[in-house]
Structures are given as C-alpha cells and as structure tokens.
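Inspection log for the structure reproduced underneath, given as structure tokens.
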Amino acid sequence: MREIADRADVALRPHVKTHKSPEIARLQHGGASGPITVSTLAEAEAFAQEGFSDITYAVPIEPGKFVRALDLARRVRLHLLTDDTAAAGALSRAASEAGVRIPIFLEVDCGDHRCGVDPGAPQAIALARQIAESPSLIFAGLLTHGGHSYAATTLEAVRRVARQERDATVEFADRLRAAGIAVPVISIGSTPTMTQAEDLSGITEIRPGNYVFFDSFQAVHGSCTFEDCALTVLAAVVHNDGKRVVVDAGAIALSKDLGPRDLDPDSGHGHVLDLEARDTGWRIGNLSQEHGEIDLPSGADAARFPVGSRLRILVNHACLTAAQHERYHVIEDGRVIAEWPISRGW
Ligand SMILES: Cc1ncc(COP(=O)(O)O)c(C=O)c1O
C-alpha cells in the first residue's frame with residue numbers, strides 16, 4: 001500500500017482500527033510513527049501515548065466527546081470530522097472556550113450512505129464555509145470512505161466505487177475552491193477501492209486499513225489471495241466424535257461477520273487451516289458464544305484432529321476479529337517471535 005501511495009504521490013494514513021497495535025502501525029510506515037486514522041478516542045489516546053502525533057479520528061465528532069478530544073488536541077495534531085451544522089457550531093464554541101484551534105474535515109457521502117453530506121447539496125458548501133470562517137476551527141478539507149465497495153460483486157464494480165470516491169471529493173473541492181474556500185486535504189479510501197483504483201489525481205491522502213492483514217472476505221472479493229492473509233485465530237478441538245468437530249473459538253473469538261455470501265455461499269464463519277496454515281477445506285458453520293462447530297465435508301477424515309489438536313481459523317473479517325483479542329502472537333518461520341498488545345475500547 002505504501003508503493004500504491006508513493007506511485008500516486010499521495011500520503012498514506014492507514015486506518016489502525018484494523019489492528020489497534022502501534023507496532024503494526026510502525027511497520028505500515030516503514031518503522032516511523034507516521035500519520036494514522038483511528039475509529040475511537042481510546043485508540044487515539046493509546047497511539048498518542050506511543051508517539052503517534054498526527055491522528056485523524058474518522059467518526060463524526062459529537063458533543064459528548066468534545067472535552068476528551070480537545071484535551072488530546074493539546075498534545076497531538078488531532079483531526080476531527082463532521083457532517084453536521086449544529087455539531088460544528090458547538091465544537092467551534094467549545095474549542096474557543098478551551099483556547100484550542102482544531103482541524104476538522106467535512107465528511108462527504110460518495111455513495112455509501114452511512115455518514116457525510118451530499119456534495120451536490122447547497123448546505124454542503126454552507127457547512128464548509130461555516131467551518132472555514134470559524135476562528136477556532138481549521139478547515140482541513142474533504143474526507144470520504146467508499147464503504148459500499150464491500151457490496152460490489154465484481155472488480156469493475158469496485159473500480160466504479162473507487163471512481164466515485166475520487167470524483168465526488170475532487171469535483172466538490174473544485175466547487176469549494178471556486179467559491180473561495182481553500183481545500184488543503186482530500187482524503188479517501190477503503191481496502192477494496194485502494195487496491196483497485198486507477199486514478200488518484202487530485203487526491204492528497206488515502207486511508208485503507210484492512211490490507212495490513214487482509215482476510216477471507218478480501219480474498220474472495222479479489223483484493224488479495226488467500227496466501228496474503230496474515231491473521232488467524234488459534235483454536236483447540238474440544239469435541240470430536242468422528243461426525244462433529246467443535247473448536248473453542250465461537251462468536252466472541254471470531255466475530256459473526258458472514259463474509260461475502262453473494263460471492264461465496266460456502267464461506268461459513270471462517271476457513272479451518274492446520275497449524276502450517278494449509279486449508280483443510282473445512283469451514284466453521286454454526287457459532288455460539290464460545291463454540292465453533294465445523295462443517296465437515298462428506299468423507300472428511302475427522303480423526304486427523306482429535307480433541308486437543310490446534311487449528312487456525314482464517315476469519316471473514318480480520319478487523320472485527322482482532323478487536324476481540326488482547327494480543328497478537330507474531331509468527332515468523334513457525335515460531336512465536338513476539339507478543340503485541342491490542343489497544344481496545346472506546
Ligand atoms: C472512515 C473510514 N476510513 C477508512 C476505512 C478503512 O477501510 P478498509 O477497512 O476497507 O481498509 C474505514 C473502514 O471502515 C472507515 O470507516
């Protein structure tokens with residue numbers, strides 16, 4: 001992803017919600033504590049503590065978090081985002097009272113329809129102007145996330161979303177500039193769109209996250225191959241009567257993300273790998289809180305893995321799974337070479 005960013009001459013601001021690990025974030029920046037995106041203020045605080053000083057909190061800010069955010073903004077360069085006139089006004093007053101000037105992005109909806117302003121609506125320009133004219137806010141620019149790339153079922157459809165991310169922000173930035181509003185940063189990105197994007201002209205930074213691990217979803221989707229996937233959950237066989245094999249990794253350990261059911265109806269809740277990460281062809285079927293029931297294909301040799309055997313589960317959605325755990329066991333050449341903590345919470 002660093003190469004993709006370098007080739008397109010854009011900054012890489014990886015989304016660290018995928019791993020919540022300062023060690024991994026430094027790997028993403030070739031050893032440096034470079035710019036990052038976070039999904040909670042707890043992540044922002046934990047990474048700030050670890051020396052990361054340029055952080056974007058990429059969920060719209062709301063008044064209940066002003067005190068904490070403004071406090072952190074005294075210590076690091078913290079970017080916030082908004083799509084709400086009243087929240088932006090309230091933040092402006094709170095920042096002024098706190099004696100802090102804080103950079104804030106206007107979030108744009110490029111088709112995902114989760115958060116963000118409609119870039120074609122007159123209110124969008126009015127909100128950008130309101131931010132730019134507020135003495136205690138700094139208009140950082142435009143930010144969007146093509147999350148609807150996850151619903152695309154062909155690579156061409158992913159590329160279309162990548163074009164929407166770029167075009168919606170770059171064209172809106174042109175209109176803002178024509179209206180006299182400077183737009184320093186245009187920030188876009190998801191893992192599917194950034195692995196497929198053909199044109200990043202006009203963009204200044206990208207924020208993919210999942211690519212650092214990839215997962216079963218991304219492999220089925222075409223962002224990577226199964227061999228590229230880095231994260232698995234180590235599980236123990238707790239029941240094996242020859243017909244049913246059950247592991248001690250259930251919904252809490254794996255998450256219940258269904259994966260790309262449209263593209264791979266048999267993906268289950270994860271691929272069952274052996275300790276050397278070879279796919280057994282088995283899939284995790286039913287999940288309860290701490291039990292994962294394996295769907296055995298007909299003729300499967302269940303006796304290969306008696307009770308007590310260890311298996312590795314390649315999950316559908318690495319980000320949701322990693323967030324359930326307290327630490328990574330880092331494996332190189334079949335040996336655990338490090339344990340890295342995961343900064344969870346809100
Ligand atoms: C605002 C925002 N930016 C960037 C990302 C990273 O996307 P991905 O996990 O597809 O790499 C996300 C993921 O949800 C996000 O919500």
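The values are calculated or read from the model by the stated rules, or taken from the named source; none is laboratory data. In this text, all values refer to a predicted model and were calculated from it rather than measured experimentally. Here the Cβ positions follow ideal geometry from the backbone for every residue, glycine too, while neighbour counts run over all protein chains shown. Protein only, heavy atoms only, side chains kept; ligands, DNA and RNA dropped before computing areas. Shrake-Rupley method; radii C 1.70, N 1.55, O 1.52, S 1.80 Å.
Is segment 97-111 home to any residue that is more than 15 Å from the ligand (Cβ to nearest atom) and in a strand (DSSP E or B)? Step through it out loud before you land on a result.
Kept after step one, since they are more than 15 Å from the ligand (Cβ to nearest atom), are these residues of segment 97-111: 97-103.
Now restrict to residues that are in a strand (DSSP E or B): 102-103.
Yes, there is a match, as at least one residue in segment 97-111 is more than 15 Å from the ligand (Cβ to nearest atom) and in a strand (DSSP E or B).
Residue under question is Thr225, and the condition is that it be free of Cβ contacts under 8 Å to residues at least 12 places away in the same chain, farther than 27 Å from Tyr57 by Cβ and open to solvent by 20 Å² or more (accessible area, probe 1.4 Å); does it hold? Spell out the reasoning first.
Numbers: free of Cβ contacts under 8 Å to residues at least 12 places away in the same chain: yes; farther than 27 Å from Tyr57 by Cβ: yes; open to solvent by 20 Å² or more (accessible area, probe 1.4 Å): yes.
Yes, satisfied.
Condition first: polar (S, T, N, Q) and either assigned to a loop (DSSP other than H, G, I, E, B) or open to solvent by 50 Å² or more (accessible area, probe 1.4 Å) (or both). Now tell me which residues in segment 264-291 satisfy that.
The answer is Ser267, Asn286, Ser288, Gln289.
Given the options Arg261, Arg244, name the one that is without any contact (Cβ under 8 Å) to a residue 12 or more places away in the chain and either small (Gly, Ala, Ser) or away from the ligand (no atom under 16 Å from the Cβ) (or both).
Within the list Arg261, Arg244, the selection yields Arg261.
Mind telling me which of the residues Ala121, Ala197, Ala128 ends up being buried (at least 21 other Cβ atoms within 10 Å of the Cβ) and farther than 30 Å from Leu314 by Cβ?
Ala128
So if I check each of Arg114, Arg75, which one is surrounded by fewer than 17 Cβ atoms within 10 Å (Cβ to Cβ), away from the ligand (no atom under 15 Å from the Cβ) and part of a loop (DSSP other than H, G, I, E, B)? Please lay out each step first, then the result.
Numbers: Arg114 fails: away from the ligand (no atom under 15 Å from the Cβ).
None of the others qualify; the one that does is Arg75.
Any residue in segment 148-164 that is surrounded by 14 or more Cβ atoms within 10 Å (Cβ to Cβ) and in contact with a strand residue (DSSP E or B) (Cβ under 8 Å, 6 or more places away or on another chain)?
no
Which of the residues that make up segment 200-210 are surrounded by fewer than 22 Cβ atoms within 10 Å (Cβ to Cβ) and either assigned to a helix (DSSP H, G or I) or in contact with a strand residue (DSSP E or B) (Cβ under 9 Å, 6 or more places away or on another chain) (or both)?
Gly202, Thr204, Glu205
Rundown of residues vs (1) of a type outside the set (A, V, I, L, M, F, W, C); (2) surrounded by fewer than 20 Cβ atoms within 10 Å (Cβ to Cβ), yes/no style:
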{"site": "Ala8", "(1), (2)": "no, yes"}
{"site": "Arg13", "(1), (2)": "yes, no"}
{"site": "Glu23", "(1), (2)": "yes, yes"}
{"site": "His29", "(1), (2)": "yes, yes"}
{"site": "Gly34", "(1), (2)": "yes, yes"}
{"site": "Thr37", "(1), (2)": "yes, no"}
{"site": "Ala42", "(1), (2)": "no, yes"}
{"site": "Thr56", "(1), (2)": "yes, no"}
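Each row is one residue, and each column tells you yes or no for (1) more than 15 Å from Glu107 (Cα to Cα); (2) within 11 Å of the ligand (Cβ to nearest atom); (3) at pLDDT 95 or above.
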| residue | (1), (2), (3) |
| --- | --- |
| Ala126 | no, no, yes |
| Ser136 | yes, no, yes |
| Thr153 | yes, no, no |
| Asp174 | yes, no, yes |
| Ile181 | yes, no, yes |
| Pro184 | no, no, yes |
| Gly189 | no, yes, yes |
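Output yes when any residue across segment 297-308 is out of contact with any Lys or Arg (no Cβ under 8 Å at 6 or more places or on another chain) and assigned to a strand (DSSP E or B), and no when none is.
Checked against the condition, which is being out of contact with any Lys or Arg (no Cβ under 8 Å at 6 or more places or on another chain) and assigned to a strand (DSSP E or B), segment 297-308 yields no hits at all.
Quick test for you: out of Ala25, Ala42, pick the one residue that is in contact with a Phe, Trp or Tyr (Cβ under 8 Å, 6 or more places away or on another chain), more than 15 Å from the ligand (Cβ to nearest atom) and on the phi < 0 side of the Ramachandran plot.
Selected residue: Ala42, the only one of Ala25, Ala42 that is in contact with a Phe, Trp or Tyr (Cβ under 8 Å, 6 or more places away or on another chain), more than 15 Å from the ligand (Cβ to nearest atom) and on the phi < 0 side of the Ramachandran plot.
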